[in-house]
Structures are given as C-alpha cells and as structure tokens.
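Reading through the structure tokens given below for one structure.
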2 protein chains.
Amino acid sequence: MSKSKVLVVGGTGYIGKRIVKASLAQGHPTYVLMRPEIGFDIEKIQMLLSFKEKGAHLVEGSFSDHQSLLDAVKQVDVVICTMAGVQFRSHNILLQLKLVDAIKEAGNIKRFLPSEFGMDPSRVTHSLETGKETFGDKMIIRKAIEDAGIPYTYISANCFGGYFVGNLSQLDGSLMPPRDRVRIYGDGNQKVVFMDEDDVATYTVKSVDDPRMLNKTLYLRPPENILTHSQLVEIWEKLTNKTFQKVHISPQDFLASMIGMDYGVQAAHARMYHIFYDGCTMNFDIGDAGGEASELYPEVPYTRIDEYLQRYL
Amino acid sequence: MSKSKVLVVGGTGYIGKRIVKASLAQGHPTYVLMRPEIGFDIEKIQMLLSFKEKGAHLVEGSFSDHQSLLDAVKQVDVVICTMAGVQFRSHNILLQLKLVDAIKEAGNIKRFLPSEFGMDPSRVTHSLETGKETFGDKMIIRKAIEDAGIPYTYISANCFGGYFVGNLSQLDGSLMPPRDRVRIYGDGNQKVVFMDEDDVATYTVKSVDDPRMLNKTLYLRPPENILTHSQLVEIWEKLTNKTFQKVHISPQDFLASMIGMDYGVQAAHARMYHIFYDGCTMNFDIGDAGGEASELYPEVPYTRIDEYLQRYL
C-alpha cells in the first residue's frame, strides 16, 4: 500500500514541526500549510524552507480564506492539525471548525487528526473551572468531525517531556531542573505518562494509515514512561547523585495557591492538578475506544525518561 | 595554537545560533549565555539543550546581575555578542554597556565582538532620522570598548539573505519571492552585498583568533555576492524562467511613501534607502581599518546568491 499524502496544519509549532519530520521520515508525501499570517517571522519561514529542502511541499492557505483551505485539503489524503490549545501560549482550538468545513466539503480526506495531543478530553469529566475550555473546545471539534462523518484518529499524548520532565514538573517559572529542593504533589504516587516529543510525532504518523486506529483514540502510554512524581524525582537524584529536599504539597494547599494567579498560569496549574492529584493520564482503562501506541507499534524505540533527563545534566 | 574559548551572548537568536554552530564546527570550546529571562520559551530552551548535546557549555547569567556576567566572561577568552539592533524586532544595543563593564573588570578577554553585523555604523554619516539610533548606539558601544582598552573586532556583514534575497528586497510584508511584479529601487544599479547567514557566522568565528583582525573591522564582501538590485531580480527571473514586471521607484517617491508608517517599519525602510539608493554597503574603500572576509579566508566556500535563491523555488 502506498503511503498517504499528509498535510500538516501548524507545521512550525512545537509538535507540528516534529510531525512534519516524522511524516517525511516515514516516507509520506508531506505537505505543510504556509499561512500568509506568518509575515516577517523569519525563523518560521526558514523552518518551512528547511522542510522544503527535505522534500516537503509548502501549500499556501489561510484560515480566513475557505477556498484556500479547500484547495490545500484536496491535494492530500490525511490532515494532521496541531493548533495550540494551552492558555499561556495561545488557544485556537475552535479555529479548526473552518478546517472541518473544508475537509467535509472536499470529501477526499481518509483520516483527520485534530489538535489533541494532551489528556483525553472525553475522560476529563470533573475538570476545574479554569482552563476547562481546552477540553470543552476539543469536544466541540470532535462532535463536528463525527457529525460530518469524517474519518478520524484522536491522539492522547499525555505529558510532553519539555514541560514536565526537564523541570521535574515544578511550577517555579523554569523549564530547567530545580537545584536542591523539589515540590512533590500530594503523596507523589499517582501514575503519570511522560513522553518524548519526537516519539509523540512518530506514533502520531504511524497511526494515519493504520486501519486499527480508524475512528479511534491512540493513547500514548509506553510502559517504561509511566512513572509517579516521586519516581521521576528519584531518577534525577540518581543521575545527579544528589538528594533533594522534598516538600509535599497537599491538594488543598495546591488549590489554595492558585487563587489570584493570572488566568493562563492558573490554567496550567489546573492541568497539573488533574495530572498529579487526579492521575488523569492513567486513571481509566483504554477499552474498545482506542489502542496503546507502544503495543501497536512495538518497533518504535521510544525514549525512556532517564535518557530524556540526561540532556539536562 | 589552541583555539580560544568563545562565549556567545544571544546564542538563541537569528545570527547567534549560527555563531554557536560555527564556533563548535571550527573547534572552539563554546559557551552560551543562558539568561534566566528565557522563562518558558521552550523553543529557545530546547535549542540551548541541543547546543549542549553538541558540546557547548551553558552558562547562566543575566544582564541585571553584574556578578553573573563577570563570572561568565572569566571562563572564556573571546566574547561574541549578538543582541538585536533592529527596530521591528527589538533594539537592545545599549544593553551591551553592561557586558563591556564586565569584560573590562574581568580583564582576561582577548577579543570582544559586539553586536554589529549590519552596515558599518562609522561609515553611515548622513543617516535618515528614523532608525538612526542603531548606528548611534553601535558607535556608543564602540567608544566604550575602545575607551576601556578592550581588544575588539567589528563585523560588517551587510544584507542577510533571509531578509534581502528571498523576497528580492521587496517591502510588501513578505519574506517570500514576489509573484509577477517587482519594485526596483531607483535605477537598480547600486552595488549591494548579500550574505548567506551561515557564512556570516563562519567568517565571524574565523576572525576571533586572527591577529590581522585585532582592533579592526571585518567586512563581508565576497565578490560574487556583490550585486545590483537589477542583477538580483535577473537571477530569480533566470531561475524561474519568468519575466517580471518592473516598477522603478524614484528616491523621492520612496521617501514620500515612508510618511505615516509605524516607526519600526519606517526604520526598516530607511535602512533599505541607505542600501539601495546610497549604496552604503559598497560606497567606500575598506582601507587600513579592516579587511575583506573572502580575501582573508579564501578557504570558506561561501554560498552564492543563485544557490541561496534556489531554496525558494
């Protein structure tokens, strides 16, 4: 079977650029939407040109020009969208409704992967108020896709290493490891899935032509990357040969500390609460709604968390 | 002679990141200042980590903490600074006074390369009012360096390809080539130096241990990259096998078009005026104050402009 043509929307972003690379690496004819709104952002333009040099096709198109989206979508078989959905960066999830419209009208798309890549929004039923719109908006997009009868795969990628592993999931304004003191959420024993971002991209692209993932959710839960917060800290202690002072934060104190914070920061804290106190990346069984990535694609040599942390030594 | 230890300040920026790579490639022990102000800018943090993976040392230091700058500077022999000096991005040239203070106090620096990388500010004597502070501020930094007796090299890199070559130096809000119509500045016959940014970095690093460049200015003028605006357009016409409609803009019309523009955009236009109407990258002889890069380092296989433009095909 020949590999599907893949269009990446958001191909210069944090996950998008990795998906472009993974798509090229896995031999898909790869198309990247180039939005005129890019303007003078020379780093992004040169990133697009570097993709082009590696064989990607740059396709012009704008979210404020339906015809251009339609033309772009008609050139490919698969669309992967990676709009940001976090409040401290940008939150554009609903913009995808325009893409859904174009895909519906075009009628040729064999698989659409909307921007998810976090925890599964259909499983987060008791979300804190702040930041809740991420899950709500993703569910609105899911409904639009399913109502339109568009074949889909949802990607539940859980915790990106750059935000959760390098800084041992601290919320002290840094993405680098703490020096000597570390905050542990609750008893530190909830299971959490941590992922290398390149592996997220590799698994995502693996799924696009996989009939087992048609209208399903791909859950990224490679067994060796399921760790408690305490275990994450221990790995770093072992690597640095240092013992950290550990301050356990009760759920009440954590929630109280959020009061008065900026909205975006508060939303980030709420996410942490769901992950480290509710254990929302692991507190359900996958069941029939999907499959687990490392089981489906055992050939992917995913990055273990001790390897990931070695970059920060 | 062993290679000097090089500290790059601004190592995640447009030119800075290329200088880090060039320094590593040329075998210099390479240090990159990591400013705590980087906060949650994950792209920059991961860029720093990738430099680290290639052998660079990350050194923490802040412009609001003199001691930290002093400690950073004391670890190396050479400091290269690449703060932005363009108004539409950011303009921090004078922040370097703090670096000059640290270098002066440290007393161990064998060569300092302040942020220049454009046209030689000492040669731009009749600058338009808008954007003039770039040249003025760079001259203030030069005076501080020379008053402090710090050994220096200034880099006059002229026109970066990403801003001037890819879009054929058009000012239409895009960094991609125009479609069918091109504005030509004046008669289109002023000579202009266009540079590949990686070559700028390579030449810059070449100069740091070169006694010929002690207290001199390195001018980047590789002969095959000295082109008129008309010649630049012709190369693109040849590559695309297309003839463009050419609209010549008189200097009067160009200046009149600037009235009422945003300051940053106006400053960019003023820069273009000096380059394409005054010919300020080539309207003087280098003389004893410096040397020309491709003559000094003929072993560097610099990128020709037709090769540069092929990336945009």
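Every read-out reported here was derived from the displayed coordinates using simple, explicitly stated rules and does not represent laboratory data. Quantities reported herein were computed from a predicted structural model and do not represent experimental measurements. Don't worry about glycine lacking a Cβ; one is built from the backbone with ideal geometry, like all the others, and counts go over all protein chains shown.
Numbers below:
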quantity	calculated
Shape call, region A:8-122: gyration tensor on alpha carbons, a/c limit 1.5	rounded
Per-q log10 I(q)/I(0), region A:76-215, q = 0.10, 0.15, 0.21 Å⁻¹ (Debye; single scatterer per alpha-carbon; no solvent)	-0.40, -0.83, -1.38
Spatial separation of Cα centroids for region A:71-129 and region B:210-268, in angstrom	41 Å
Label-point separation in nm, residue B:3 to residue B:292, each point 7 Å along Cα→Cβ	2.8 nm
Three-way shape label, region A:61-122, alpha-carbon gyration tensor, a/c 1.5	oblate
Counted charge near residue B:44, where neighbours are those whose Cβ lies closer than 11 Å (Asp, Glu -1; Lys, Arg +1)	-2
Straight-distance crosslink candidates among lysines, where the alpha carbon sits under 24 Å from residue B:246 and sequence neighbours closer than 8 are dropped	B:191, B:238
Helix B:96-106 axis, angle to chain B major axis (alpha carbon atoms, nearest 10°)	30 degrees
Helix B:197-207 vs. chain B, principal-axis angle (Cα, 0 to 90°, nearest 10)	40 degrees
Proximal aspartates and glutamates relative to residue B:104, as straight alpha-carbon distance under 16 Å, when same-chain residues fewer than 8 apart are discounted	B:65, B:71, B:77, B:146, B:147
Label point 7 Å beyond Cα along the C-beta direction, distances from residue A:187 to other copies (nm, shortest first)	8.6
Nearest-ten-degree value, helix A:263-276 long axis tilted from longest Cα axis of chain A	70 degrees
Cα-Cα pairs of region B:121-178 separated by more than 15 Å (percent)	64 percent
Label spacing, shortest first and in nm, from residue B:301 to its equivalents in the remaining copies (7 angstrom along Cα→Cβ)	3.0
Cα Rg, Dmax (largest Cα-Cα span) when computed across region A:1-68, Å	11.8, 40
Largest to smallest principal axis extent of the C-alpha atoms in the protein assembly as shown, angstrom	76, 59, 45
GNM result for chain B, Cα springs below 10 Å: residue of B:210, B:285, B:172 fluctuating most strongly	B:285
Around residue B:160: net Lys/Arg minus Asp/Glu count, Cβ-Cβ under 11 Å	-3
Chain B, rotation onto A, residue closest to that axis via Cβ, with its distance in Å	B:43, 4
Backbone N within region A:155-177 under 15 Å of label point (7 Å from residue A:237 Cα along the Cβ vector)	A:168
Residues of region A:272-306 with amide N under 17 Å of a point placed 7 Å along Cα→Cβ from residue A:248	A:276-279
Rough spin-label spacing in nm, given labels placed 7 Å along Cα→Cβ, for residue B:181 and residue A:92	2.9 nm
Max mean-square fluctuation residue, GNM over chain B, Cα-Cα springs under 10 Å, options B:56, B:201, B:106	B:106
Label-point separation, residue B:41 to residue A:174 (7 Å along Cα→Cβ), nm	1.8 nm
The protein assembly as shown - mean residue ellipticity at 222 nm from DSSP helices (-39,500 (n - 2.57) per run, n ≥ 4, rounded to 500)	-10500 deg cm²/dmol
Paramagnetic reach from residue A:54 (point 7 Å along Cα→Cβ, amide N under 19 Å) across region A:283-307	A:300-303
The protein assembly as shown: antiparallel DSSP beta bridges as a percent of all, rounded to 5	15 percent
DSSP bridge pairs, chain A: antiparallel proportion in percent, nearest 5	15 percent
Residues of type lysines that residue A:98 reaches as a straight line, Cα spacing below 20 Å, ignoring anything fewer than 8 places off in the same chain	A:74, A:110, A:138, A:143
Cα-centre dipole for the protein assembly as shown with unit charges at Cβ (Lys and Arg positive, Asp and Glu negative), debye to 20	400 debye
Relative frequency of Cα-Cα separations exceeding 24 Å in chain B, percent	53 percent
Position residue B:265, label points 7 Å along Cα→Cβ, spacing to each other copy in nm (shortest first, one decimal)	3.5
